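Asker: Pasting a structure here, questions to come.
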Amino acid sequence: MITKRDYYEVLGISRSASVEDIKKAYRKSALQHHPDRNSGNKEAEEKFKEISEAYAVLSAPEKREMYDQFGHAGIEGSGFRGFRTTEDIFSSDIFADFHSIFESFFGETNRSIDLRYDLRISLKEAYTGTSKEITMSKNETCTLCQGEGAELGSGTQICPECKGKGEVIFQQGFIGIIIRRTCPNCGGAGRIITTPCKECHGRGQVKESKKIVVNLPKGVDTGSRIKIKGEGEGGGKGVMSGDLYIFIHVEEDPFFQRRDDDIITEIPILITTACLGGEIEIPTLDGKSRLQIPAGVQNGKMFRLRGKGMTHLHGHGSGDQYIRILMEIPVNLTKEQQRLIQEFSKLETEKNNPFIKEFLNKFQNRDKEA
Ligand SMILES: [Zn+2]
Ligand SMILES: [Zn+2]
């Protein structure tokens, strides 16, 4: 096992650093070690993962508290396992804050528009992982002119409006304020197309409906984002395609309540099962399982089924499934049933109801002290 460095040390900040300090330290370090600036440099990649993990923990108040108290062991206990790949980092929540900063920093100015697609999936699909085909209506690079906008071989000519300068100058009022504007005729390019492409009418783009397959890994949750490079709007001349961001929404499930990667299932049981014990059938994410209920189980009691929860999206292993017992008190009793319950209660002793006994003791002592 590799010994992990202290997160504060990794970001070069003190243990009392404010949220703003943490953010600043991460941004500075991340810009330096960003994979786009260090293509193929393994060391920079490792460093980028290390600082991103430190930031993910220290920027989340609960995680930071856990880390301050228990160190790395506390964080591992919470199910967070750091990042395996840089893609993990870019698709994580922490990166959302920085995305725009990096985009502008790395100056991908000749890039078309990024698109967003909201994808709803069931909890079962999030559990098993799945591939979904979506249809997007978007601007694609025109294939006929390859985004040039001009009919192939026809070329361009100098814009007659701005004489190739790309901007127009005019005076306003009799004081003569000079105003410069981007040329409306050529859009600032200085040249115009002589024969526009028949397909896209000179735009270089055409509206198209495109089918895209999205692969969802096991364990995705509401708030997970998946980036598909190059599937945003298509570029025109000299412009790269944008990216597509899939925003995941996991629907609620009638049986399984998700809490991070753990699952809670409420199971109503008979009062006789609660009194005498017995085996019950329970739903799990991968089918069914059986659970042994001990005699005398109380309402609200939780049982844990290890590893029956959601797969951890970042890291290894899975969460657990918790079964919460809801003891159902029978209703609509017949005369005969009422009689039998009364019969039973005559035989009850303090030993049958320790909580009631304890409560009554406390209650009586309270009266004495008052
Ligand atoms: Zn012009
Ligand atoms: Zn075209």
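Asker: Where does helix 19-33 land angle-wise versus the long Cα axis of the chain, in degrees 0 to 90, nearest 10?
Answerer: 50
Asker: For residue 27 and residue 195, compute 0.36 nm times the residue count separating them, minus their Cα-Cα distance, and round to one decimal in nm.
Answerer: 55.7 nm
Asker: If packing is taken as the mean number of other Cβ atoms within 10 Å per residue, what is the order of 347-358, 273-284, highest first?
Answerer: 273-284, 347-358
Asker: Between residue 177 and residue 353, with labels modelled 7 Å along Cα→Cβ, what's the label distance in nm to one decimal, could you check?
Answerer: Distance between label points: 8.7 nm.
Asker: Which one of 144, 40, 122 has its Cα pushed farthest toward the positive end of the charge dipole of the chain, where Lys and Arg give +1 and Asp and Glu give -1 at the Cβ?
Answerer: Farthest along the dipole direction, towards plus: 144.
Asker: Against the longest alpha carbon principal axis of the chain, how many degrees, from 0 to 90 and to the nearest 10, is the axis of helix 354-369 turned?
Answerer: 80
Asker: Here is a further query. How big is D for the chain, in µm² s⁻¹ as a whole number, if Stokes-Einstein is applied with the Kirkwood radius of its Cα pairs at 10 °C and 1.306 mPa s?
Answerer: D = 59 µm²/s.
Asker: Continuing with this model, one more query. List the Cys residues of the chain that have no partner Cys with a C-beta closer than 4.7 Å.
Answerer: 275
Asker: Compute the distance in nm between two label points, each set 7 Å from the Cα along the Cα-to-Cβ direction, one at residue 44 and one at residue 290.
Answerer: Reported label-point gap for residue 44 and residue 290 is 5.9 nm.
Asker: Need one value: the accessible area of residue 272 in square angstrom, 1.4 angstrom probe, rounded to the nearest 10.
Answerer: Looks like 80 Å² after rounding.
Asker: I've got another one for you. Taking Cα centroids, how far is the range 260-285 from the range 4-18 in Å?
Answerer: First find each Cα centre; the distance between them is then 44 Å.
Asker: How tilted is helix 93-105 with respect to the longest principal axis of the chain? Cα atoms for both, answer in degrees (0 to 90, nearest 10).
Answerer: Relative to the chain, helix 93-105 is tipped by roughly 10 degrees.
Asker: Something else now. Positive end of the dipole of the chain, charges at C-beta (+1 Lys, Arg; -1 Asp, Glu), about the Cα centre: which of 283, 245, 83 has its Cα farthest in that direction?
Answerer: Of the listed residues, the answer is 245.
Asker: If you place +1 on the Cβ of every Lys and Arg, -1 on the Cβ of every Asp and Glu, and leave all else neutral, what size is the dipole of the chain about its Cα centre, to the nearest 20 Debye?
Answerer: 440
Asker: Within the range 166-229, report the GluC sites (Glu not before Pro) that DSSP leaves as loop and that have at most 16 other Cβ atoms within 10 Å.
Answerer: 199
Asker: Work through the residues other than residue 290 whose Cβ is under 11 Å from its Cβ and net out their charges, Lys, Arg +1 and Asp, Glu -1.
Answerer: -1
Asker: Also, quick follow-up: Let me have the 222 nm mean residue ellipticity of the chain computed from DSSP H runs of 4+ only, each contributing -39500 (n - 2.57), with the sum over all residues rounded to the nearest 500.
Answerer: The per-residue figure over the chain is -9500 deg cm²/dmol.
The values are calculated or read from the model by the stated rules, or taken from the named source; none is laboratory data. Remember, predicted model here, so these are calculated numbers, not experimental data. A quick note on method: Cβ atoms are made from the backbone with ideal geometry, for glycine too, and the neighbour counts reach across all protein chains shown. Please note that ligands, DNA and RNA were not included when accessible areas were found on the heavy atoms of the full protein model with its side chains. Shrake-Rupley method; radii C 1.70, N 1.55, O 1.52, S 1.80 Å.
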